[in-house]
Amino acid sequence: MLKQSLLGLALATALSTVAHAESVNILMEGVPDTEYVKTLLPEFTKETGIEVNLEVVNYAEMHTKLVPQLVAPKGSYSAIVVDFYWVGEFTKAGWLMPLDDRIKADGFDASVYVPKLMDLVGQVDGVTYMLPFYNYAMGLLYRTDLLADEANKAAYLEETGEELGPPKTWGEYLQQVKFFTKGDMHGVVNQGLRPDPIAMEWSNYLFANGGEYHDADWHSTLNTPAGVAALDQYKANVEEYGPLGAASFSFDEAFNVMAQGGAYSYITYNFFRAAIDDPSQSTVAGKVEIMPVPGQEPGVGASLNGAWGWAIPKSSPNPDAAWTFLKWVESHDIAKKRALQGGSPTRLDVFDDADVNAKYPYTGAMKDMLLTSHNFPVFTYTPQLVEVLGRELSLAVAGEASSADALAAVETEMNELAKKDGKLK
């Protein structure tokens, strides 16, 4: 009888524990890094007893789903991931929980992150609101087999007086784009669709010419010799050295041209480096490498940075469990496991890990891209700026506005947005 009573008590306790098992709900975008996290969740549950429920949606749905939960006194998401587009909006609205006290209390080392990523999706005005999750910085994909071809080497030397190799400067890269445009081969393929693809891609051209979006006081600095040169070059690459229709390509169409051997180069997101080596997607597997977008001088990178960060909303129903998950998923061991699956690291110690470098020899180039990268303006109206920029760049590419007039229009609207946000006095 006693045994039966004890058994019944144990069973009731077990059922109660299951019924009240803690869980965290997280909204995430449907990207490869999300899938890598998903494969490791059983380890977290085994270690902590906390279940993780991922709601995975496409990018277009995320902001719409997030905002109602963020403004509620108590939302349904324990933790969230934040694109750099939304950092200014979410932090200014007071929707994200500062993490500095938790970081200090648990001795979590946040110094391991790439500094540019912490600037983009980590800290705002000295307060840590996010832990960088994964990066999608842009780099230059280029055909190594074309550079190694002896006939190409001889022809390039005769035509330019220079040795053919990976471009060390932006001017050398533009020269190569022109050189490789012959017959059915294009020197470059661009993603000219408005607003996001063209805005993000053209940013690399701006930085490569030594330009920036604004000065220290947030005055826009686009309608400058550097900005105009960048837009003139972009137009030339689309019209003269790229495939027909590139002005309306998103990154998928542009990648397909590159993957099918139709172009020497493509400035795009770093996650396409792995895809270009997939024989099911690419006819040039093993013939393409990635490097930082070159700048004005050798060793000066001009790549656009991009990233997502983990955050705990103030409306989180269980912030303590959410933090337990964040510090686990961003630990060195778990970040390394994600990277070994093909993820995009954010921690310097993962970039430097011997196992990761052995499996992915281009890891060093990815690290260099981030260390020399440039950030897009992060403020409350980042998405609106992208819309304005995409519109005006497209008008210039279509010949409906001069480069100077298009950039002057962006400057005017960017300054208005910066004033509205309190950035520009």
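The values are calculated or read from the model by the stated rules, or taken from the named source; none is laboratory data. All values reported here derive from a predicted model rather than from experimental measurement. All Cβ positions, even for glycine, are placed from backbone atoms using ideal geometry, and neighbour counts span all protein chains on display. Each accessible area value is taken on the protein alone, full model and side chains, heavy atoms only, with ligands, DNA and RNA left out. Shrake-Rupley method; radii C 1.70, N 1.55, O 1.52, S 1.80 Å.
Brief remarks on what is shown
- Annotation: of all residues in the range 345-358 being of a type outside the set (S, T, N, Q) and over 17 Å from Val121 (Cβ atoms), the one that is least open to solvent (accessible area, probe 1.4 Å) is Val356.
- Against the numbered list (1) open to solvent by less than 20 Å² (accessible area, probe 1.4 Å); (2) more than 19 Å from the chain's Cα centre (by Cα); (3) over 22 Å from Pro377 (Cα atoms), Gln69 comes up short only at (1).
- Which numbered condition Gly342 fails, given (1) touching a residue at least 24 places away in the same chain (Cβ under 8 Å); (2) open to solvent by 20 Å² or more (accessible area, probe 1.4 Å); (3) farther than 20 Å from Met291 by Cα: (3)
- Residues of the range 302-316 that turn out to be in contact with an Asp or Glu (Cβ under 9 Å, 6 or more places away or on another chain) and open to solvent by 10 Å² or more (accessible area, probe 1.4 Å), as a count: 0
- Of the strands (runs of 3 or more DSSP E) lying entirely inside the range 253-328, those containing at least 1 residues that are under 19 Å from Gly242 (Cβ atoms) span 265-269, 288-291.
- Among the residues making up the range 317-339, those that are of a type in the set (Asp, Glu) and either more than 19 Å from Met118 (Cα to Cα) or surrounded by fewer than 17 Cβ atoms within 10 Å (Cβ to Cβ) (or both) are Asp320, Asp333.
Yes/no matrix, rows are residues, columns are (1) touching a Ser or Thr at 6+ places or on another chain (Cβ under 7 Å); (2) surrounded by fewer than 20 Cβ atoms within 10 Å (Cβ to Cβ); (3) within 22 Å of Gln233 (Cα to Cα); (4) of a type outside the set (D, E, K, R):
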site	(1), (2), (3), (4)
Tyr360	no, yes, no, yes
Gly364	no, yes, no, yes
Leu370	no, no, no, yes
Ser373	yes, no, yes, yes
Glu392	no, no, yes, no
Ser402	no, yes, yes, yes
Ala408	no, yes, yes, yes
Glu411	yes, no, yes, no
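- Identity of the residue in the range 247-269, open to solvent by less than 10 Å² (accessible area, probe 1.4 Å) and in contact (Cβ under 8 Å) with a residue 40 or more places away in the chain, that ends up nearest to the chain's Cα centre (by Cα): Thr268
- For the range 18-55, residues that are touching a Ser or Thr at 6+ places or on another chain (Cβ under 8 Å), under 19 Å from Gly343 (Cα atoms) and open to solvent by 60 Å² or more (accessible area, probe 1.4 Å) total 0.
- Within the range 339-372, the set of residues being part of a helix (DSSP H, G or I) and in contact with a strand residue (DSSP E or B) (Cβ under 8 Å, 6 or more places away or on another chain) comprises Leu348, Ala365, Met366, Asp368, Met369, Leu370, Leu371.
- Among the residues making up the range 194-234, those that are part of a loop (DSSP other than H, G, I, E, B), open to solvent by 10 Å² or more (accessible area, probe 1.4 Å), of a type outside the set (Phe, Trp, Tyr) and in contact with a Leu (Cβ under 9 Å, 6 or more places away or on another chain) are Arg194, Pro195, Glu212, Asp217, His219, Asn223, Thr224.
- Yes/no for Tyr241 being in contact with a helix residue (DSSP H, G or I) (Cβ under 9 Å, 6 or more places away or on another chain), over 27 Å from Asn375 (Cα atoms), open to solvent by 10 Å² or more (accessible area, probe 1.4 Å) and among the aromatic types (Phe, Trp, Tyr): yes
- Asp333 meets the conditions (1) touching a residue at least 12 places away in the same chain (Cβ under 8 Å); (2) assigned to a helix (DSSP H, G or I) in every case but one. The failed one is (1).
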